[in-house]
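Worksheet: the structure to be examined is printed underneath.
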Amino acid sequence: MKKIAVFLVDDHEIFRHGLKQLISNEPDMEVTGEASSGEEAITSLAHIPADVIIMDIRMQGISGLDTGKSVIKANSNAKLLFFSLFDNPDYVSTALDMGASGYILKDTSNKIFLNAIRSVHAGHFYFIGDVTDTVVRKYHEQRNATGGDAPAAGVAEIALSKREQQIIRMIHQGVSNKDIAETLGISIRTIEAHRLNILRKFQVNTIEEAMENARAASLLV
């Protein structure tokens, strides 16, 4: 099985070393490169393969956000995951606008961090905790700016993952996040991330609206 190639960008050597050790212990992923600055990341990623680029926001020299814009353009197949101490709404919005696949905070658990890498590599979005709140607010603002008439995604074209289908069916059955997490063997924060992915795919603001669309797409019976 091909391992997930991870590239680390953070200006703290000790922190990078810790992440590298954590990732190297996982059988399905490996660190293929690292950089201590945005400038070094841009240069290195021109010739080092990466499936997932983990980027700090605040660094000496070019910021993580500016670096992110450059590496996304130059590495279109790679997924960008921001890993930051700051849940600043402007940072999160900029990350979304540039096409980042995820934004998590550095106080998260090792399990959540590794889940985020696997999730964005699989093509999903991963935003948790306070960052999730910022994402939801951003989309509420967008809908309000258009009078609540933002175009809905074509219901028939929505493709939920098997896990997302499991979760929305359990929500429809009235199962709580805690019980879903225990049943599926995943964390409540992971459930929150999946719920957000479902909202984004249906382009709605509430899980109730998502369930209506899921019923219309024959995903719920």
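What to note about this one:
- Shape category assigned to the range 50-126 from the gyration tensor of Cα positions, a/c cut at 1.5: oblate
- The chain - percent of accessible surface contributed by carbon and sulfur, probe 1.4 Å: 49
- Using just its DSSP H runs of length 4 or more, each adding -39500 (n - 2.57), the chain gives a mean residue ellipticity at 222 nm of -15500 deg cm²/dmol after division by all residues.
- The range 162-220: Rg to Rh, with Rh as the Kirkwood radius over Cα pairs: 0.94
- Gain upon complete extension [ALA217, VAL175; 0.36 nm per residue less C-alpha separation]: 13.0 nm
- Residues whose amide H falls under 5 Å from that of ALA35, counting only those 5 or more places apart or on a different chain, are LEU8, VAL9, ASP10, with hydrogens built in the peptide plane.
- Helix 110-121 axis versus longest C-alpha principal axis of the chain: approximately 80°, rounded to the nearest ten.
- Applying 0.36 nm per residue to the separation of ASP107 and ALA122 and subtracting their alpha-carbon distance, the gain on full extension is 3.1 nm.
- Residues with amide H under 5 Å from that of MET29, placed H, sequence gap 5 or more: ILE4
- Shape of the range 1-60, Cα gyration tensor, a/c cut at 1.5: oblate
- Listed pairs LYS3/LYS79; LYS69/LYS111; LYS79/LYS111; LYS20/LYS106; LYS2/LYS79; LYS3/LYS201 exceeding 24 Å between Cα atoms: LYS69/LYS111; LYS3/LYS201
- Amide hydrogen proximity for TYR126: with H placed 1.01 Å from N in the peptide plane, the residues at 5 or more positions away or on another chain lying under 5 Å are GLY102, TYR103.
- Most mobile listed residue (GLU40, GLU182, GLU192) in the chain, GNM with C-alpha springs under 10 Å: GLU182
- Using θ = phi - 60° and Karplus 6.51 cos²θ - 1.76 cosθ + 1.60, couplings along the range 200-214 (whole Hz; Gly, Pro as x): 5, 5, 8, 6, 10, 9, 10, 5, 5, 5, 4, 5, 4, 5, 5
- Rg over Rh [alpha-carbon atoms, Kirkwood Rh] for the chain: 0.98
- The HN-Hα couplings worked out from phi for the range 29-39 by the Karplus form 6.51 cos²θ - 1.76 cosθ + 1.60 (θ = phi - 60°) are 8, 8, 8, 9, x, 8, 8, 9, 7, x, 4 Hz, whole numbers, x standing for Gly and Pro.
- Only Lys, Arg (+1) and Asp, Glu (-1) charged, at Cβ; the range 28-133 dipole about Cα centre in debye: 200
- On Cα atoms only, tilt of 89-98 relative to the major axis of the chain in degrees: 90
- Angle in degrees between helix 13-24 and the longest Cα principal axis of the chain, rounded to the nearest 10: 60
The values are calculated or read from the model by the stated rules, or taken from the named source; none is laboratory data. Bear in mind the structure is a predicted one, so any value in this text is a computation, not a measurement. Glycine also receives a Cβ, built like all others from the backbone with ideal geometry; neighbour counts cover every protein chain displayed. When the accessible area is computed, the model is the full protein with side chains, heavy atoms only, and any ligands, DNA or RNA have been set aside. Shrake-Rupley method; radii C 1.70, N 1.55, O 1.52, S 1.80 Å.
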